[in-house]
Amino acid sequence: MKPEAIQDRRPTCPRCRQAESGCWCKQLVPKPTRARFVLLQHPREARNPMGTVRMAHLGLAGSTLLVGVDFEANRDFQGLLERERGRSVVLYPAPGARDVRELAGREPPPTVWVIDGTWSQAQKIWKKNPALRELPAYRIEPRQPSQYGFRAEPEPHCVSTIEAVAELLEALGENRPEDYEPFLAPFRLLVGRQLGHANANPRRRGKPHPPRPFVLPAPLREHPERAVVFFVEGNGWPASWEERPPTEALQVMAVRLATGERLGEFIRPRHGLSPTALANTGLDEAALAGWIEPEEMAGRWQAFRRPDDVWCGWGHFSAGLLQNAGVQAGSNQVVDLRVLAKRLMRARVGKVEEAWTWMELPPPAPVYPGRGGRRLAMLEAVAREMIARAAAAKAG
């Protein structure tokens, strides 16, 4: 390589190994876990700057990252394997692998092995290391498609390594609402930046279109003072159950932006509490002690709402749970903030956490407990930011 070529290389962060302009280290919040994570990465994937296993490694306190294909002669690999061989598990969708949600409520395994690479690369690691195949294998059933918007996945159920680890942490009860999103923050920053570059690059996206001004829907644009943000946490049952009851509303929350008036209630599920509900929602039994019957919830909701409210939710899930509980979010004045986020960010958006991260909003201050309380706080901040940006665009 010529000396001038070396000088032209962009400065690189030694920790995340990204160009300094794309460094995501400031987003890292190392997360202590009861289970020890060992990440096995294919050498080719280790050279991919868009990979996520290094994010997972740096985000999991005490984890180990080994790069290679055949680890049979690797002393670190053998030492870690022998330490807790009888109770360790491997995250890999092998034939007969079990759903990670079956681990919910159990004592976490002492060591979790995670294979990283493309589908073919991961297969090579799996085949080259018979000791891994002796461990119980678990797979994930993601609740939504991967948010890896700039990198195609081979199947709808495939997700990035850090997303898979996050799903596993949730199943193990390691993820509480207050630390779930910090773990994924570097990933969301990476995705947001890359989608932004793709949208701005005419060679990759075709002839660029001038960005349209951000405009709110008429009900919210004309009466932002009537905005009410709502979020509903569901009582979902394990996907592995063949005859599982329908998902019901478990936690209903709303806030009127102009006055700060709030409603927050827990509803007793008609089919009982799902065995994974507490782990999935970050709630505990004490929080549910005061739950009310669906009929009483309908009355409290009716007393809270006003005829001219402009209801603002995220997607259709919350509104659907309310409707199934016999409660309506509103008449025709329901605004989907996820659609607005997609227009504003010009990218595919899944969870509200993505919009919150992209807008670089301050840390949320939840009023209500659990994951739902945290998401309502984020949704409230996102709604206020959208209203402020639309007002600024109109004034400009």
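Values quoted throughout were computed directly from the atomic coordinates according to the rules given, and no laboratory measurement underlies them. Only a predicted model underlies this, so the values are computations on that prediction, with no experimental measurement involved. Here the Cβ is made from the backbone with ideal geometry for all residues, glycine too, and neighbour counts use every protein chain on show.
Tabulated results
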item: Binned Cα-Cα distances of the stretch 21-193, short to long, each 5 Å bin given as a whole percent; result: 1, 8, 18, 23, 23, 16, 8, 2, 0
item: Whichever aspartates and glutamates have a C-alpha closer than 16 Å to that of LYS127, once near sequence neighbours (fewer than 8 apart) are set aside; result: ASP70, GLU72, ASP116
item: DSSP-defined antiparallel bridges as percent of all bridges, the stretch 218-395, nearest 5; result: 65
item: Projected label distance in nm at ARG85 and GLU293, using a 7 Å step from Cα toward the beta-carbon; result: 5.9
item: Loop-located trypsin sites (Lys or Arg not before Pro) in the stretch 31-61, at most 15 other Cβ atoms within 10 Å (DSSP); result: ARG34, ARG47
item: Protection proxy ranking of 213-223, 260-270 - average other beta-carbon atoms within 10 Å, highest first; result: 260-270, 213-223
item: Under 19 Å from LYS394, Cα to Cα: aspartates and glutamates that are on another chain or at least 8 residues apart; result: GLU222, GLU225, GLU385
item: Spacing of the two label points (7 Å from each Cα toward its C-beta) at ARG44 and GLN123, in nm; result: 1.2
item: Cα-based shape type of the stretch 239-362, given that a ≥ b ≥ c are square roots of the gyration tensor eigenvalues and the cut on a/c is 1.5; result: oblate
item: Per DSSP, loop GluC sites (Glu not before Pro) in the stretch 353-396 with at most 14 further Cβ within 10 Å; result: GLU360
item: Fewest-first sequence of ILE162, ILE140 by Cβ atoms within 10 Å of each Cβ; result: ILE140, ILE162
item: Rounded FRET efficiency, nearest 0.05, which uses the C-beta distance separating ARG17 from ASP70 and R0 of 25 Å; result: 0.55
